[in-house]
Each structure stands twice: as C-alpha cells, then as structure tokens.
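The values are calculated or read from the model by the stated rules, or taken from the named source; none is laboratory data. Because the structure is a prediction, the values reported are computed rather than measured. Cβ sites come from the backbone with ideal geometry, for glycine too, and all protein chains shown count toward neighbours. For the accessible areas, the whole protein counts, side chains as well, though only heavy atoms, and no ligand, DNA or RNA atoms are used. Shrake-Rupley method; radii C 1.70, N 1.55, O 1.52, S 1.80 Å.
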Amino acid sequence: MRPKLIVGNWKMNGSRTVNAALLAEIAAGLKGAKASCAVCVPAPYLHQVEELLKGSSIAWGAQDVSAYEGGAYTGEVCAKMLGDFGCRYVIVGHSERRAYHGESSELVARKAMAVLKEGMSPIVCVGETLAQREAGQTVEVVGAQLGAVLELLPADAVEKIVVAYEPVWAIGTGKNATPAMAQEVHAALRGQLRSRNAEAAEGVAILYGGSMKPENARELLGQPDIDGGLIGGAALKAQDFLAIIHATQ
Ligand code: 13P
C-alpha cells in the first residue's frame, strides 16, 4: 500500500505570529500519525518555517517557482533558492495560478522540471472547471495538463513527482468531489503515469484537493488511488488539519 501524504497549502495566508502558533499546535497533535505531512507556505516565511520545523517529522515547501534558473527575472524565486531553505515540495500549476496568472500547461511543465533539477518534488496540480465537467471533458482536460509534464519528464523521474487532482469547482467552495468521482479521475491519472513508467506509477502519490475536511477525509482517503490530500482552508486550522492527518489510519 502506498503511504499517505497530507499537504497543507496555506495560499496567501499567515503571519510570523500566526504561523508559529499553527505549527506548534500541529506538531503537538501529530503523535501516532501514520501519514506523512507537509506545509507549503508563502515564500517570505520559508526561513521561519525551516527554523521551526527542522528536525521534526513535518516537511515544508513552496507554492510556486520560477521556470528560470536565476538571473535577471525581477520578482521571481528560483528552485535553487527554495532548495536553500530546505523545501522538499513545490506546488506547480495550481488552478489559481493557471486562472489568475495565465500559466499554461507548458509553463507548468518547465516549472516542474526546474524543481526536479534541484532535487525536490513538484506537486503537479491538475483539475477541470465546472463547465468542463458538465461537458464530459474531465479526463481529457486533466490528461492534457499532466501530459504536458510527462512529455518533458524523463521516465526515470516519474517516481519523484506528486500529482494533485483538484477540481476547480471544489476549491474553497465547500463542495467536494464524491469519493467515486475523485477515484475515477485518480485511476485515469495513474493509468497515464503507467504509460510513461509502469513500475514507478504504482508509487506516485496522487493527492485529492478541493474542500477536503475532517468530515469527508476518511471516505476520500479510503479510495484505492487517493494517496493523500492537498488541503487549503482546513490546513489553516490546526485541529482540522490534524483530524485529516489522523483520518488516514
Ligand atoms: P480548499 O481545501 O480550501 O478547498 O483548497 C484546496 C486547494 O486549492 C489546495 O491547493
């Protein structure tokens, strides 16, 4: 059985004071947890979070990265810098970046490669809009999004990526995909990974994201191809985040 992974995506939330309190409460409640966990925090807080979490069982990461290696790209943060702060994971292609920052699947793929080159794992987000789901295009849409990454990805690097299925209509709306709906898409994504590297595909964590909360986590995480969660709102409340982590047992 694949180990479960629960990742908090803090999005553009937090402050030095709030972060310290949140992480202390999470750390205090982790005893006995079977799942691995991580938090992806705003870049300015990476140093603080590294100081607070190093030596703990909680990993940390970033929410975006530049596709460029460094140099004259004002405002950008490159993968090497994220590695310098001990990041294990970097989210790429979150739907909020695709929607509000015009990121294409090709750009997302280049970002994923930049992350891998520095020895970290990209969490590649894919997901359909409500209109696309209603038009029956879900598997086609997420397949094209993942396909762009698999095109650039060497077959021996498949095992290093994490995939997150996040239906856009479920993010921050309180409406989650049903376990059966999510499982169907996760199975399709795993099939696509298999076609790139059959053996590695069995070990790739495919996370579900979109209004995952303590009330629905156990059933979602019980599906055979749902290997964890990428949690937004509930990751900002220590007790909710912990309840999801403990729901994996
Ligand atoms: P919510 O859990 O707030 O729906 O957000 C999910 C998400 O976008 C995680 O990346």
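When A198 is tested against (1) surrounded by fewer than 20 Cβ atoms within 10 Å (Cβ to Cβ); (2) under 17 Å from the mean Cα position of the chain (by Cα); (3) small (G, A, S), only condition (2) is not met.
Just name the residue that is most open to solvent (accessible area, probe 1.4 Å) out of those in segment 1-53 that are of a type in the set (S, T, N, Q) and assigned to a helix (DSSP H, G or I). Among residues in segment 1-53 that are of a type in the set (S, T, N, Q) and assigned to a helix (DSSP H, G or I), the one most open to solvent (accessible area, probe 1.4 Å) is T17.
When the criteria are applied in full, Y68 fails the requirement of being in a helix (DSSP H, G or I), at pLDDT 95 or above and either more than 16 Å from the ligand (Cβ to nearest atom) or within 18 Å of the chain's Cα centre (by Cα) (or both). Of everything in segment 187-220, what is within 14 Å of the ligand (Cβ to nearest atom) and in a helix (DSSP H, G or I)? Give them in sequence order. Hits for segment 187-220 are P214, E215, N216, A217, L220. Residues that are modelled with pLDDT of 95 or more and surrounded by fewer than 19 Cβ atoms within 10 Å (Cβ to Cβ) within segment 172-182 comprise T178, P179, A180, M181, listed in sequence order.
When segment 54-63 is filtered for residues that are under 24 Å from K117 (Cβ atoms) and open to solvent by less than 40 Å² (accessible area, probe 1.4 Å), the ones remaining, listed by number, are A59, W60, G61, A62.
Does A164 qualify as being open to solvent by 30 Å² or more (accessible area, probe 1.4 Å) and either farther than 18 Å from D225 by Cα or aliphatic (A, V, I, L, M) (or both)? Here the answer is no, as A164 does not meet what is asked. Taken together, the residues in segment 188-207 that are over 22 Å from G229 (Cβ atoms) and in contact with a Leu (Cβ under 7 Å, 6 or more places away or on another chain) amount to 1. Counting only helices (runs of 4 or more DSSP H) that sit completely within segment 91-161, those holding 1 or more residues that are open to solvent by less than 30 Å² (accessible area, probe 1.4 Å) correspond to 95-100, 105-117, 138-152. W169 meets all of the listed conditions (1) of a type in the set (A, V, I, L, M, F, W, C); (2) at pLDDT below 95; (3) open to solvent by 20 Å² or more (accessible area, probe 1.4 Å) but one, namely (2). Residue count for segment 222-233, restricted to those that are open to solvent by 10 Å² or more (accessible area, probe 1.4 Å) and either of a type in the set (A, V, I, L, M, F, W, C) or within 8 Å of the ligand (Cβ to nearest atom) (or both): 2. With respect to the stated conditions, G210 is closer than 13 Å to N9 by Cα, touching an Asp or Glu at 6+ places or on another chain (Cβ under 6 Å) and open to solvent by less than 20 Å² (accessible area, probe 1.4 Å).
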